[in-house]
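What follows is a set of notes on a single structure, which appears directly below.
FYI, it's all coordinate maths here, none of it is from the lab. Because the structure is predicted, anything quoted here is derived from the model rather than measured. Virtual Cβ from ideal backbone geometry, glycine too; neighbours counted across all protein chains shown.
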Amino acid sequence: MQAVVLVGGQGTRLRPLTADIPKPVVPLVDRPFISYLIEWLDGHGVDEVVLACGFLPDALRDVLGEGEPGGPRLTWVVEPEPRGTAGAIKHAEPHLRDRFLALNGDVLSDLDLTSLIRFHEESGALATLGLHPVEEPGSYGLVRRELGGEVTEFVEKPDERSSVATGEVNAGTYVLEREVLDRVPPGRSVSIERELFPRMAGSGLYGLRLEGYWMDIGTPDRYLQATWDILEGRVRTRVEPHPDAVLVAPGAEVDPGATVGPRAVVSAGSKVADGAEITGSVLLDGCRVGQGATVRGSILSPGVLVAPGAEVAGATVGSDERVAA
């Protein structure tokens with residue numbers, strides 16, 4: 001089974017964390033974020049991942065190469081310019097076989113892709129959407145479907161009081177027959193969510209509700225929540241749960257007089273001085289937190305220096321920045 005993963009975005013909502021590295025390789029707990037997605041696909045029989053790239057493709061390839069030994073093979077396709085979600089998949093068409101998965105590259109999930117593929121095959125669909133229930137449907141594009149799964153209507157981010165709100169959203173996870181790409185015009189930007197799928201409603205487009213964990217990590221708050229969910233075992237990954245959701249990486253130095261946690265990641269090469277307090281925060285490689293400093297609910301990009309006695313709260317600090325007291 002193949003999977004196309006859309007990794008062409010610039011990750012603007014996560015800046016400055018993504019100012020000079022693409023979002024898919026932003027460190028999450030102890031590995032590049034996209035490693036979780038590839039592990040997820042591997043667990044459902046995917047043997048080749050086609051990465052549809054745009055922003056900083058060389059940086060992506062430097063980190064991921066051709067894939068991990070024993071894992072899915074990676075194939076790289078670079079858009080000449082932004083093509084949108086359907087346009088990016090169309091650009092990858094020469095590499096694709098008759099049936100494949102297509103996924104947004106900014107989602108942390110453990111949804112049952114095997115069930116999605118099986119439902120697609122049994123229904124005879126041209127395209128099948130993975131759907132996920134949400135508590136606040138007004139923030140998403142919603143999907144209406146018949147009892148048998150055939151999609152009848154899309155509602156883009158309706159008012160939460162709307163009578164058509166179903167609470168099932170497009171999870172950015174699809175099974176597609178290759179012939180669907182015949183409906184996508186080549187060489188231009190096309191949205192799969194706003195153009196292609198609405199035209200297919202009632203004509204071979206199905207949806208299946210999938211229970212489990214699903215989160216778009218595209219904002220600092222969600223990035224932090226995803227970190228704690230991994231460390232606390234709320235999402236199925238190969239990371240072992242950690243007490244109090246605290247991870248101090250090998251090569252990090254934490255003074256015995258410092259307080260780290262609950263909920264904290266201190267990455268390799270970072271140093272936390274005596275009397276410092278780190279709670280609900282992620283320190284990426286090579287950060288320095290001075291004596292008596294406080295970091296709460298924040299993300300420190302690589303190389304950040306927090307001066308002794310300084311306070312950082314609810315912030316995302318860019319690479320190599322200095323935070324004064």
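Return the total of residues in the range 1-33 being closer than 30 Å to Arg118 by Cβ, among the aliphatic types (A, V, I, L, M) and in a helix (DSSP H, G or I).
0
Restricting the search to the range 260-305, which residues are farther than 16 Å from Thr227 by Cα, out of contact with any Gly (no Cβ under 8 Å at 6 or more places or on another chain) and not hydrophobic (A, V, I, L, M, F, W, C)?
Lys271, Glu277, Arg288, Thr294
Please report, ordered by residue number, the strands (runs of 3 or more DSSP E) entirely within the range 53-132 with at least 2 residues that are within 23 Å of Met215 (Cα to Cα).
Here the list reads 99-104, 107-109.
Hey, can you tell me all the residues within the range 23-66 that are of a type in the set (Gly, Ala, Ser), over 13 Å from the mean Cα position of the chain (by Cα) and under 27 Å from Ser319 (Cα atoms)?
Ala52, Gly54, Ala59, Gly65, listed by residue number.
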